[in-house]
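Taking it in order: structure first as structure tokens, then the write-up.
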Amino acid sequence: MKALRLLLGCLLALALSPAVQAEPYLAIRYGLKCVACHVNPTGGGLRNAVGNSFAQNSIAANALPDALQGWNGSLLDDRLRLGGDFRTATTRTSVSGQPTRSIGGTEQVRLYADVQLIKDYLGVHLDQQVAPGKSERQEAYVRLSTPGMGWYAKAGQFYLPFGWRLQDNLAFVRQLSGVSMTVPDKGFELGHESEQISAQIAYSNGPGNQGSTSGHQLTSQVAWLQSWGRIGAAMARVTSTAGNRQAYGLFAGTTTGPVTWLGEIDVVSDAGFPEGTRRQFATLLEANWLVRQGHNLKVTSEYFDPDRRVAHDNKVRHSLVYEYTPIAFVQLRGGYRRFGGIPQNAVDNRRQTFVELHGLF
Amino acid sequence: MKVSRMGFGALCAVVALVAGCGGGSGDGLDANGRPIGEGDDPSGPMTASFSSIQSHVFTPMCTACHSGSAAPRGLRLDAANSFALLVNTPSGGVPSLMRVKPGDADNSYLVQKLEGHAAVGARMPLGGPYLDASAMALIRQWINNGAQK
């Protein structure tokens, strides 16, 4: 009865709010590995019991209502784990010479399930986007692991490991790398998690190798975790009939006082452009100031060079975002983004203000 | 409190630093950020022709993601590939629908994605800004007129 009440309470919370996907700055700020809080060893999506407890006790400004306390997502002695994610936003965009436009609505509703067929060794993971539009599978894979994910292998459809797994899928580094939480791929991944090392290597179809284009992608990543933060490197090599592609990334994070810093630099050489190989470059610098528990001020600066052979064509994207987490599993975000690009293109110089409501259980 | 002041100071320094960083000067480039003369000049008004839609919509708005070997769903919308990968080509999200079905804008997946009522996935361009009604009317007109190159 209590479990049913908790489940109904969480479903109600999901229905009334929209979702928080953990962000890597939290892992850096609290000195945790992604796998410490997430079922997926590379982070994002469904949280494990520690992640749920952490969200309730260390992130939110206030305690959960009594009816919701104790929920950790686990059913049937942790053989079944359920979760959900709901996100809505209203965005106001100003482009010089054009009327200001406001767009609002549900950005995504996702449901997660993880079933342990053989506890701690064999599991099945599902991540299904049920809105907007028709239901669409994001992740669906079988996972074979040693206890604690010291070693694991997964096969099926999943997000590839490359750089920081940001909530902001439109960050330049995520767009350029082609790896984000909107672009799953089908293949096989082998990973290792230890106290100081997190490493993955994946062989997959390649997100761009569909339809008349064929080939495969090899993606790998290694991160060194220390008490001061972490530093990592990533690589992706695409073999494709559209043209081969190599992407390399360096990423790091650390904390100074109340501010947690993230940085990433990605370089890409892509032969899939009409004029031949194009070399591109993107960076991310993000500062997260913990104003007090439940309140985070995020300042992000991004740079993108779409073609290193062409001068004066770079773009920038600066963001100022305030994140308020009143209770666990609910977050309000409000922010301002200033885009910068060549003056001939008004859209590349747009301004955006936005309010988002995220909910998750 | 002292630590919070340090944090605030560090953030102010970052804000000051990034506030001074802007986009490229655009010298020698067209509105799509390509060297003048390399592609179609998008400076004129948009019309219901493929080349105009390419230079006003696909190149400036879509190729940020839909280009190169990692283009989502293999859909490359640069000037050299977009027509072949759009017209009479099954969509990745709903294979029973053509991305562009000549003569039938309503049943073209491209229109559904741009207008935000496709059966699968988010409205495009992802995160906006979305196309206004006049641009959509021209794309619809191009498709209903036969989607010629």
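The values are calculated or read from the model by the stated rules, or taken from the named source; none is laboratory data. These numbers were taken from a predicted model, which means no experiment stands behind them. Neighbour counts run over all protein chains shown; Cβ positions are idealised from the backbone, glycine included.
A few remarks follow.
- Members of segment A:59-73 that are at pLDDT 85 or above and more than 23 Å from residue A:108 (Cα to Cα): A:61, A:62, A:63
- Residue A:140 closer than 30 Å to residue B:128 by Cβ and either small (Gly, Ala, Ser) or surrounded by 19 or more Cβ atoms within 10 Å (Cβ to Cβ) (or both): yes
- Any hit, segment B:110-118, residues being facing chain A (nearest Cβ under 8 Å), surrounded by 20 or more Cβ atoms within 10 Å (Cβ to Cβ) and in contact (Cβ under 8 Å) with a residue 24 or more places away in the chain: yes
- Residue list for segment A:188-212, restricted to those being within 14 Å of chain B (Cβ to nearest Cβ) and surrounded by fewer than 22 Cβ atoms within 10 Å (Cβ to Cβ): A:204, A:205, A:210, A:211, A:212
Every residue, every condition in (1) touching a strand residue (DSSP E or B) at 6+ places or on another chain (Cβ under 6 Å); (2) over 19 Å from residue A:162 (Cβ atoms); (3) without any contact (Cβ under 8 Å) to a residue 12 or more places away in the chain, yes or no:
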{"residue": "A:227", "(1), (2), (3)": "no, yes, no"}
{"residue": "A:232", "(1), (2), (3)": "yes, no, no"}
{"residue": "A:235", "(1), (2), (3)": "yes, no, no"}
{"residue": "A:238", "(1), (2), (3)": "yes, no, no"}
{"residue": "A:254", "(1), (2), (3)": "yes, yes, no"}
{"residue": "A:260", "(1), (2), (3)": "yes, yes, no"}
{"residue": "A:265", "(1), (2), (3)": "yes, no, no"}
{"residue": "A:268", "(1), (2), (3)": "yes, no, no"}
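- Breaking point among (1) away from chain A (no Cβ under 11 Å); (2) surrounded by fewer than 16 Cβ atoms within 10 Å (Cβ to Cβ), for residue B:132: (1)
- Here residue A:228 fulfils each of the conditions (1) more than 12 Å from every other protein chain (Cβ to nearest Cβ); (2) over 21 Å from residue A:26 (Cβ atoms); (3) surrounded by fewer than 16 Cβ atoms within 10 Å (Cβ to Cβ) apart from (2).
- Some residue of segment A:348-358 being buried (at least 22 other Cβ atoms within 10 Å of the Cβ), among the polar types (S, T, N, Q) and farther than 21 Å from residue B:65 by Cβ: no
- Members of segment A:268-289 found to be surrounded by fewer than 19 Cβ atoms within 10 Å (Cβ to Cβ) and either within 9 Å of chain B (Cβ to nearest Cβ) or among the aliphatic types (A, V, I, L, M) (or both), listed by number: A:271, A:274, A:275, A:285
- Residue selected from segment B:58-81 under the condition of a type outside the set (Val, Ile, Thr), more than 10 Å from chain A (Cβ to nearest Cβ) and in contact (Cβ under 8 Å) with a residue 24 or more places away in the chain, by the criterion surrounded by the most Cβ atoms within 10 Å (Cβ to Cβ): B:58
- Only one of the numbered conditions (1) touching a residue at least 60 places away in the same chain (Cβ under 8 Å); (2) over 23 Å from the mean Cα position of the chain (by Cα) is violated by residue A:276, and that is (1).
- Of the set (1) surrounded by fewer than 16 Cβ atoms within 10 Å (Cβ to Cβ); (2) modelled with pLDDT of 70 or more, all apply to residue B:34 but (1).
- The single condition from (1) within 10 Å of another protein chain (Cβ to nearest Cβ); (2) at pLDDT 90 or above that residue B:13 fails is (2).
- Within segment A:70-97, the set of residues being within 21 Å of residue A:335 (Cβ to Cβ) and either assigned to a loop (DSSP other than H, G, I, E, B) or of a type outside the set (Lys, Arg) (or both) comprises A:85, A:86, A:88, A:89, A:90, A:91, A:93, A:94, A:95, A:96.
- The set of residues from segment B:67-121 being among the aliphatic types (A, V, I, L, M), modelled with pLDDT under 90 and over 17 Å from the mean Cα position of the chain (by Cα) comprises B:94, B:119, B:120.
- Filtered residues of segment A:303-344 (kept if of a type in the set (D, E, K, R), in contact with a helix residue (DSSP H, G or I) (Cβ under 9 Å, 6 or more places away or on another chain) and at the interface with another protein chain (Cβ under 9 Å from one of its Cβ atoms)): A:315, A:338
- Taking the criterion of being among the β-branched types (Val, Ile, Thr) and either over 30 Å from residue A:158 (Cβ atoms) or within 12 Å of chain B (Cβ to nearest Cβ) (or both), the residues of segment A:84-108 that qualify are A:90, A:91, A:93, A:95, A:100, A:103, A:106.
- Number of the exception - residue A:50 against (1) in a helix (DSSP H, G or I); (2) in contact (Cβ under 8 Å) with a residue 40 or more places away in the chain; (3) among the aliphatic types (A, V, I, L, M): (2)
- Criterion violated by residue A:95 - all others in (1) crowded, with 22+ Cβ neighbours inside 10 Å; (2) at pLDDT 90 or above; (3) in contact with a helix residue (DSSP H, G or I) (Cβ under 6 Å, 6 or more places away or on another chain) satisfied: (1)
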